[in-house]
């Protein structure tokens, strides 16, 4: 201690000392193995997807000698993969759009407009939130069948056009929003719709982004409903198609992993691009 | 408020009283209100409320979902009590839930605590933990099918290397359900971490500083200060994960199809078999209603216990 002012530390020592304090936080010894463990299934999928079948089964496992891009082409030509991608894109786009419009309109009405029957309607809406999907599965199938929508993309769209959860979420947003701006506009003679479009829509960015992300994820990952509502391979969504592909290529792991990788790529890219918004949305789905 | 402008069109001016104005506002609000909610009410009514009632009716019928059903009273529910396959599916679901939920909640708590700091490389660690959340159930199940493949899977290769014999995983009746737990924990851990990290933001640094000044170690402060403050998040997670665990289906469908020898047949998978393989729509609806009731009861108990547990912290 007392020697410190007399003999200054050598530059190397200073450098090493600073490094020791800054860089190897002990938490890395915990977090590095943990994150590698979490990434293992994905990395292993990636490696297998670009290997030959022999390489995938070699012992011990190793990186492939050359990248087998042909696996992806084989998936694309050997299955209606393009159909699955387009179908999923159509269904999720339509469902997200309609949810944004219908949930925000209804959420606004339930939060702000006083009218007869709103309390009852809102209560019934909340009741449906508690019902597990398996309860309504069979009757919903019969209803969709009576519309002639079985094995049709409409079967995946119509029942999802609006969600009770989305309405509830938007209502919570409007309840928490100070009403001053709207009241001023109302006194100036603006109609309800005018207030909604001109004043509220510009304020709804964050909750609408959350609603869009949560709706998109739930549609993209939905499995049970497409499984019972769709039969033809060319009408399937990505997840359903992937499961039939899995059934047909039980041990053809390279093709299977190539298909799985391609099926997840759009969501993973979107997630990496908007990680902050994704995480916030998922967190708010839970907390409110 | 009291100034009323003349209606357009030059109608004769009449003294307006407050009730008529109010009535006009009320009318326009009723109209606007119902206009705004009517598409929602129609759709939720048709695809939310009608099916709930319909399923209840179905549960008292024999119904193959093609020809009109016949009324059988409580027979479906009585049959459930003496159906060994149903009892087995209930047992599997309970075992799965009792392992999955605690592992996921405790794991998420510890990982969230580890991730809640400013060190280099944190962005990478977070991505690694969060990516499984957006990975679909089908993709998760397909990846783990390969990872846990008894012959060529990476996990068996690794086990062999350290001198442990190859395991059957999804093909071994004693290991299949545990393999499902492992796979679904991988898929859900990040969700729990997200919830806990959001909750950790609201734990005030002052409290932790105060604890440190009182001579509390960081480790004790975590368990005695932070964990109790996270009680609402824990309660939410336990309820949410339990609800989802009781409805497990996708991963089972893709990996084991309920096997081997029924060791992973969970309630919803059994419901699916009854409805879409044996075409017992009535019986499947009865199973669905029992599941519904079970979820309601379990959630109510968890809420009651949770409230008592976090008593005194709002």
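Take the alpha carbon gyration tensor of chain A, find the square roots of its eigenvalues, order them as a ≥ b ≥ c, and report rounded if a/c is under 1.5; if not, report prolate when a/b exceeds b/c, else oblate.
oblate
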Q.
Let's test the formula: R0 of 56 Å, r as the Cβ-Cβ distance of residue A:203 and residue A:73. What FRET efficiency results, to the nearest 0.05?
A. 0.75
Q: Please work out the FRET efficiency for the pair residue B:71 and residue B:277, using the Cβ-Cβ distance as r and a Förster radius of 25 Å; give the result to the nearest 0.05.
A: 0.55
Q: Please report Rg over Rh for chain B, where both radii come from the alpha carbon positions and Rh follows the Kirkwood definition.
A: 1.14
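Tell me, what is the Rg over Rh of the stretch A:166-234, with Rh the Kirkwood radius over Cα pairs?
1.22
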Q | Highest-MSF residue in chain B out of B:45, B:107, B:69 [GNM, Cα springs under 10 Å] | A | B:45
Q: Just report the Cα centroid separation between the stretch B:159-211 and the stretch B:244-314, whole Å.
A: 21 Å
**Q.** Cα long-axis angle, helix B:176-200 against chain B (0 to 90 degrees, to the nearest 10)
**A.** 50 degrees
Q: Return the distance in nm (one decimal) between the two label points of a simple spin-label model at residue B:172 and residue B:64, each offset 7 Å from Cα along Cα→Cβ.
A: 4.3 nm
Q.
Taking the Kirkwood radius as the inverse of the mean 1/r across Cα pairs, report the Rg/Rh of the protein assembly as shown.
A. 1.03
Q.
Cut-off 10 angstrom, C-alpha nodes, Gaussian network model of chain A. Which of A:227, A:129, A:156 fluctuates the most?
A. A:129
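What 222 nm value per residue comes from the helices of the protein assembly as shown, counting each DSSP H run with n ≥ 4 as -39,500 (n - 2.57) and dividing by all residues, nearest 500 deg cm²/dmol? Could the numbers behind the result be given before it?
Numbers: 30 runs with 411 residues, N = 602.
One gets -22000 deg cm²/dmol as the mean residue ellipticity at 222 nm.
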(Q) Can you give the FRET efficiency to the nearest 0.05 for residue A:176 and residue B:161, using r as the Cβ-Cβ distance and R₀ = 60 Å? (A) 0.60
Q.
Take residue A:269 and residue B:205, extend 7 Å from each Cα along the Cα→Cβ direction, and tell me the distance between the two endpoints in nm.
A. 3.9 nm
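What's the extension gain from residue A:86 to residue A:191 if we count 0.36 nm per residue and subtract their Cα-Cα distance? Don't skip to the end; give the middle numbers.
Details: separation 105, 0.36 × 105 = 37.80 nm, distance 3.97 nm.
Taking residue A:86 through residue A:191 to full extension adds about 33.8 nm, to one decimal.
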Q) Among A:256, A:31, A:125, which one shows the biggest mean-square fluctuation in a GNM of chain A, springs joining Cα atoms closer than 10 Å? A) A:31
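Compactness ratio of the stretch B:29-100: Cα Rg over 2.2 N^0.38 Å, N = residue count?
Values: Rg = 19.3 Å, N = 72, 2.2 N^0.38 = 11.2 Å.
For the stretch B:29-100, the normalised Cα radius of gyration comes out at 1.73.
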Q. Using 7 Å Cα-to-Cβ label points, what is the residue B:42/residue B:87 separation (nm, one decimal)?
A. 5.0 nm
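Evaluate 2.2 N^0.38 Å with N set to the residue count of the stretch A:81-248, then give the Cα radius of gyration divided by it.
Numbers: Rg = 18.6 Å, N = 168, 2.2 N^0.38 = 15.4 Å.
Its radius of gyration relative to the 2.2 N^0.38 Å reference: 1.21.
Bear in mind these aren't lab numbers, they're just calculated from the coordinates by the rules spelled out. Treat the numbers as computed from the prediction; the structure is a model and nothing was measured. Here the Cβ is made from the backbone with ideal geometry for all residues, glycine too, and neighbour counts use every protein chain on show.
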